[in-house]
1. With the structure loaded, tell me whether VAL569 is at pLDDT 90 or above, in contact with a His (Cβ under 7 Å, 6 or more places away or on another chain), of a type in the set (A, V, I, L, M, F, W, C) and not in a strand (DSSP E or B) or whether it fails that test.
2. If we keep just the residues of the range 232-247 that are touching a residue at least 60 places away in the same chain (Cβ under 8 Å) and not aromatic (Phe, Trp, Tyr), which is surrounded by the most Cβ atoms within 10 Å (Cβ to Cβ)?
3. Among the residues of the range 495-507, is there at least one that is modelled with pLDDT of 95 or more, outside any helix (DSSP H, G or I) and assigned by TED's automatic domain parsing to the domain that holds GLY392?
4. Considering only the range 37-46, I want to know if a residue exists there that is under 28 Å from the mean Cα position of the chain (by Cα), part of a loop (DSSP other than H, G, I, E, B) and either among the hydrophobic types (A, V, I, L, M, F, W, C) or in the same structural domain as ASP350 (by TED's automatic domain parsing) (or both).
5. Identify all residues within the range 604-649 that are surrounded by 20 or more Cβ atoms within 10 Å (Cβ to Cβ), under 30 Å from LEU166 (Cβ atoms) and of a type in the set (Ser, Thr, Tyr); write none if there are none.
6. Filter the range 238-265 for residues that are polar (S, T, N, Q), under 21 Å from ARG89 (Cα atoms) and assigned to a loop (DSSP other than H, G, I, E, B) and give the result.
7. So how many residues does the range 66-96 have that are over 20 Å from GLN267 (Cβ atoms) and charged (D, E, K, R)?
8. Is it fair to say THR187 is surrounded by fewer than 21 Cβ atoms within 10 Å (Cβ to Cβ) and either small (Gly, Ala, Ser) or in the same structural domain as TYR482 (by TED's automatic domain parsing) (or both)?
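The values are calculated or read from the model by the stated rules, or taken from the named source; none is laboratory data. Note that the coordinates shown come from a computational prediction; the quantities given were computed from them, not determined experimentally. Using ideal geometry, Cβ is built from the backbone for each residue, glycine included, and neighbour counts are taken over all protein chains shown.
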Amino acid sequence: MKKMFFLLCLSLAFSCTKDFTESVSVEQQQLAKIVRLSDNNAAGSLIVRFEDEAITRVEAGVSRTEATRSGIESFDSVLDRVGGVKMERVFISNRFEERLRSEGMHCWYVVYFDQKVDINQAAAQFATVGEVAVVQLNSLLENIGDNQSSKPASQAVSEPATRGKLYAAFNDPDLDKQWHYINIGDTNVFSGVKKGADINAGEAWDITAGDNRIVVAIIDNVVKPTHPDLAANMWVNEAEKSGVAGKDDDGNGYIDDVHGVNFVKYQYDGTTTLTENESDHGTHVAGTVAAVNNNGIGGCGVAGGTGKGDGVRLMSCQTFHEIPTTDPLYNVWPSGTDTGAARAFQYAADNGAAIANCSWGYPGRYTSDSVFTPQNSAVRKAIDYFVKYGGGDVLEGGIPIFAAGNDKLDYASYPGAYRDYICVTAMSCDYTPAYYTNYGPGSTLAAPGGDYLQKYWTDNYSGLMNSEVYSTAYSEGYNYSYKQGTSMACPHVTGVAALAVAHALKLGKKLTALELRDILACSTHEIDRYCTGTKHSQSGNNIGSVSLSTFKNKMGVGYIDAFKVLMNVEGIPCVTIRTGYRLSVDLTDVIGGNPTGMTDSDGDSTITVSMSQADRQKLGVEGDIVISKTGKMQLKCTKPGSAIISVSFIAGGTAVGSNEATGGMLVTRKMAILSRSFASNGAWL
């Protein structure tokens, strides 16, 4: 289909200010050079990768002509015909130049030319040059937001009694609006809300709430560095902050990048300053990751710390923004291009980011890894560079986390859907899939993303509290807003990933990016039992319904639980039981061996379980915790929650009584109990 499209384009004359008299004839091998990442591309620019043997000539030519020509005659001839203005490296030369060259990243260039030139025919012209290995259309990325969201939120302070039910250790007044962290079943959110449909943040915060050594790159709109609930957790490039204005003080290739870089502006005028933005998207996403906790204002962030300077740091990698310009060649600087995204991943890796939050993608272009993998694109190269060299001092390699998309497609959007990356679908406050979420192949796991239509159509939306995600906003006049989307689900997983790294550091561990990825995927709960019935949907002005059974087995492996993530980091076995049911749990995976051999002379089990009175009350444990002769633990929890218990048994020797043996050894192991209303049985998850 792609080839037919290009051949059709090649049969047309150029529609532009220049008169192209020669026909364009492209061999099949030249056509194969062209990479299309979307149907929506920035006018007047293309990305090319030169063959390795040609790059020395290109670098000399660019240097000699002040970046207006390549020094390769056939390439420069095409530049002349398309009104070429300049060309420059995609990946910026800096103190890591040696490793950039070892990865072949110095061979990628972006070329700028007359915006009136047909982009497809320009790509075909460049593909005829023998020294060119790849021609990539400079795709416009789609910020994965939703047009029903971005409503200002009430700034009213919540009543202390309500806050106390959520998480008494933090004093943030709007935490009660953040059901996505701690869902107490408040019907002010939505009449059909389900208690426990959240990321279990409160239980995780009892263990860790962040670590300021961890840097998270927000590759998105701008993160407002002066926001009162973000400023203390912004990443600071100390060399630039204390350096000389107008100088690249740290040698990273960018000037005055104190909190990050505006890659949109840099692409067109070489400046890096973060700018105001017509969208709250990046600031909203950042707040979910790490709004400052326990500071007495606004809401919380998943990894925002405890108010003692221990929140993770937010690096603003601004890749989205429509900026008007008076330049006759560029009417509007395009927002969210491949060039900006590629540079953002390079920047994140080179400046110590461990995790990249990416709430964007290429909607509808790719449908499988087999289609995506062969495409040798600059963005793919940059993501792989981040995976290999990111992590800073806290993680071995970087981990990119993407949103699945809001197009209701039965497959997730790329790049996130690629098998090596985390891709997040969205669920609502009642465990059901959000009406807009993409699902199916490429989906890794789910997280709360909100669902505006639940509140609007069912509860006559009032605007005071709703079932969307509450977080920080950029817009003048208010500092917080509600939004929905897989864009909002994505930073929940990013924040939880940061908590995992923080807990590992506290334990003296340094995880690899692969270990972290696997821990996240193994720390979920099933969601399929809620994929029944119908749900409201909306397309334009037409209201319909969507069958929830469509999503069954297609939302990823389940939805994320922050507490379970931390238990897996610590190596503590974790069992999920269904709230309100007396269940039997096999302890074999905890204690190993043969449970029937762990009995005393009377045939009674020597296995004992210890749970604090506070935890018994928190979980509403009814009656005794009984251990059978075959090593089965029986208990009933009437409240959702989590607790760590101790399992003890006699190993070896001759058992003569509980915790007594001749020649034996008393062994104690920890395990975690998660009482959740969504678990269908007591099996190990």
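1. yes
2. Filtering the range 232-247 down to residues touching a residue at least 60 places away in the same chain (Cβ under 8 Å) leaves 232-237.
Checking the rest, the ones that are also not aromatic (Phe, Trp, Tyr) come to 232-234, 236-237.
Numbers: ALA232: 18, ASN233: 29, MET234: 22, VAL236: 14, ASN237: 21.
So the residue we want is ASN233.
3. yes
4. Within the range 37-46, one or more residues are under 28 Å from the mean Cα position of the chain (by Cα), part of a loop (DSSP other than H, G, I, E, B) and either among the hydrophobic types (A, V, I, L, M, F, W, C) or in the same structural domain as ASP350 (by TED's automatic domain parsing) (or both).
5. Scanning the range 604-649 gives a single hit, SER642.
6. As a first pass, look at the range 238-265 and keep what is polar (S, T, N, Q): 242, 252, 262.
Next cut, under 21 Å from ARG89 (Cα atoms) only: 252, 262.
Matches in the range 238-265: ASN252 only.
7. The qualifying residues number 5.
8. Values: surrounded by fewer than 21 Cβ atoms within 10 Å (Cβ to Cβ): yes; either small (Gly, Ala, Ser) or in the same structural domain as TYR482 (by TED's automatic domain parsing) (or both): no.
Against the criterion (surrounded by fewer than 21 Cβ atoms within 10 Å (Cβ to Cβ) and either small (Gly, Ala, Ser) or in the same structural domain as TYR482 (by TED's automatic domain parsing) (or both)), THR187 does not qualify.
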